[in-house]
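The values are calculated or read from the model by the stated rules, or taken from the named source; none is laboratory data. The model shown is predicted, which means the values in this text are computed figures rather than measured ones. Note that we place each Cβ from the backbone using ideal geometry, even for glycine, and neighbour counts take in every protein chain shown.
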Amino acid sequence: MDPGGAQAGISLVVVVHSMIAAACLTLAAVQLPVWLRNRDAVANLAFAIAAAAAAANAIGDLVILKAQTPEIYAAAQRWKNIPILLLLVGLAGFANHYLHARRRWLAYTAIGLRLVALVINFSVGQSLNYLEVTALRSVQFMGESVAIAVGVRNPWQAIGQLALFVLMLYFADASITTWRRGKRAVAFFVGGSLTFYMLASVTRAYSVFWRGAEWPNSGTLFSLGVVLVMGYALSADLLRAKRLGVELGEREREADLAADAANIGIWTRDIVRGRITASKKWRELFGFTPDEQITVENVLERVHPDDRSAFNDRLEEAAGQQGDYRSELRLVLPDGRLRWIAALGRVEFDAKGRPVCSRGACIDITEHKNIEQEMLGLRHDIAHVGRVSVMGQLSSALAHEINQPLGAILRNAEAAALFMQQPSPDLHEVSAIIEDIRKDDQRASAVIDRIRTLLRHEQVEMTSLDIGEVLGDVGTLLRPDAAARHVALHLDVRPGLPPVHGDRVQIQQVLLNLILNAMDALEGAGGRSRSVTITARNDTAASVEISVADTGRGIAADQFARIFEPFFTTKSKGIGMGLSISRSIVESHGGRLWAENNAGPGAKFRFTLPIAREPADAAR
């Protein structure tokens, strides 16, 4: 075989253009699946479009260069304008998403002009470039003869060239913007390559169609260059992402180790695909086996029925742009055991504000809840002891208060007996005496009921309360003691007060403690006015304030910091628990309790209670 003859049969133009087309298609095939798996990777989609269009453009250039007749040349040039448009769309899209270009209107203008040029391409003359190709001439390109056109140029091709110029401005602006953001390598290589490609295209078009330069109709090498630069940039991003993935995997393993050490369970939910992945500890907390599939539905099935609705509402609120959520809930495990967990999480959103993922952490707080219940029970016991102690202080006055109606009942009963011994008793008078007996009996019964209520040891019952009624009951209990101490007790309840949310007995206990302390402060007050004033008024739109003010000695400056401490007292026979219990009760109701001295004589204790917003408050 003659080597020279074999060599002569090889066309470098065909080989180069075919290899470029194959390379571009390969790059497009590599990047397109990236977008198919991650629809947010728009830059990869734009690159795949540009690479595929560059491949088609290379095939079109090859047909033009090897055309044997003017008709084949003109037809190939006409159809090549379609991949050119797609190439420009792909390049513009890549610049928009990879370089984060700002002046998108330049890209829209360029693509719009190119669309107009494409319409002209199929409607005016044989193509956008020539109204008519009359003949072909041969020029040397890559060591062999290729065809160039001779004919009547289409003046409308200026629109297509203008589109290239506007797109060049867009790429230049994107490069400058990226440079200013500190990404200088990206701006130079990627932005610079795109700008240079557009500049070369504009220069070639101007030289060939307006200056008459006899250049072959092939921009394939320039297309390959810009595609390779874009592909390299994306590949570098993929390598960087892989390194970050490895580092992230290491951080996740470290986080898992820390979470296991802290007894924390981690979970992630893909909201779009409905998938949930969870750590081994999280599965243990919720009672799932290592291989069991997890869905939102079977997670909610593990939540206690009484907590399920509230927990689901928090998840929906977090997905509705709030983002974060916190919750304490009970789980009913498959073996019937009850477990308390604290859960916190965060919902992540895409660029359009749609929830795409949520991550959360859970920890077992069963032991903490048990201790909390024990402490709550202990606090109730202490509060109950405090109420018994208060009633002990009031026993003398209350005995007198009860003896009064009992004595009146006895005297009225004796008078009725005398009337009935008469031959013709006055039944109207007897009826009046019986009515007095009934009223005195109700009066004594009311006092006893109030005492029994305060001494009763029951669970806290949070309800909607009329604060004026509560103050009235406490005033009724304390007026006998106040009278015995020669203290004037004043109630000032502003009209129209909204109901408060709380436990009646506990609030009464707070009032009893504060009012008795106020009356104790009046001991040794000298000839000053001896009075205690209880006031209830609106504090804010969400709370009511109750104050207990006396005209006693006031609070010493060195005692302010300690008056609410347990076992601190200024009384010779006090145990120092009343104010501590009162503050604990008020804070458990969502209010606060504090003290201050009056502008005049005496001190004032003030506390707030939340307003009952709705009837359902009673159940919470």
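Take the conditions (1) within 24 Å of residue 113 (Cα to Cα); (2) of a type in the set (Val, Ile, Thr); (3) surrounded by fewer than 20 Cβ atoms within 10 Å (Cβ to Cβ); residue 34 misses just one of them, which is (1). Within segment 60-84, the set of residues being crowded, with 19+ Cβ neighbours inside 10 Å, of a type outside the set (D, E, K, R) and in a helix (DSSP H, G or I) comprises 60, 62, 64, 65, 70, 73, 74, 76, 77, 81, 83, 84. Scanning segment 285-318 for residues that are closer than 14 Å to residue 339 by Cα and of a type in the set (Ser, Thr, Tyr) yields a count of 0.
Look at segment 26-54: where a residue is free of Cβ contacts under 8 Å to residues at least 12 places away in the same chain, no partner that is of a type in the set (Lys, Arg) sits 6+ places away or on another chain with Cβ atoms under 7 Å. Checked across segment 171-185, the condition of being closer than 26 Å to residue 76 by Cβ, surrounded by 17 or more Cβ atoms within 10 Å (Cβ to Cβ) and among the hydrophobic types (A, V, I, L, M, F, W, C) holds for no residue. If I filter segment 461-484 down to residues being out of contact with any strand residue (DSSP E or B) (no Cβ under 7 Å at 6 or more places or on another chain) and crowded, with 17+ Cβ neighbours inside 10 Å, which single residue comes out as modelled with the highest pLDDT? Selected residue: 470. Of the residues 90, 112, the single one that is out of contact with any Ser or Thr (no Cβ under 7 Å at 6 or more places or on another chain) and at pLDDT 90 or above is 112.
May I ask you to say which residue of 46, 53, 95 is touching a Pro at 6+ places or on another chain (Cβ under 7 Å) and in a helix (DSSP H, G or I)? Checking each option against the conditions leaves just 53.
In this structure, residue 218 does not qualify as in the same structural domain as residue 74 (by TED's automatic domain parsing), polar (S, T, N, Q) and within 48 Å of the chain's Cα centre (by Cα).
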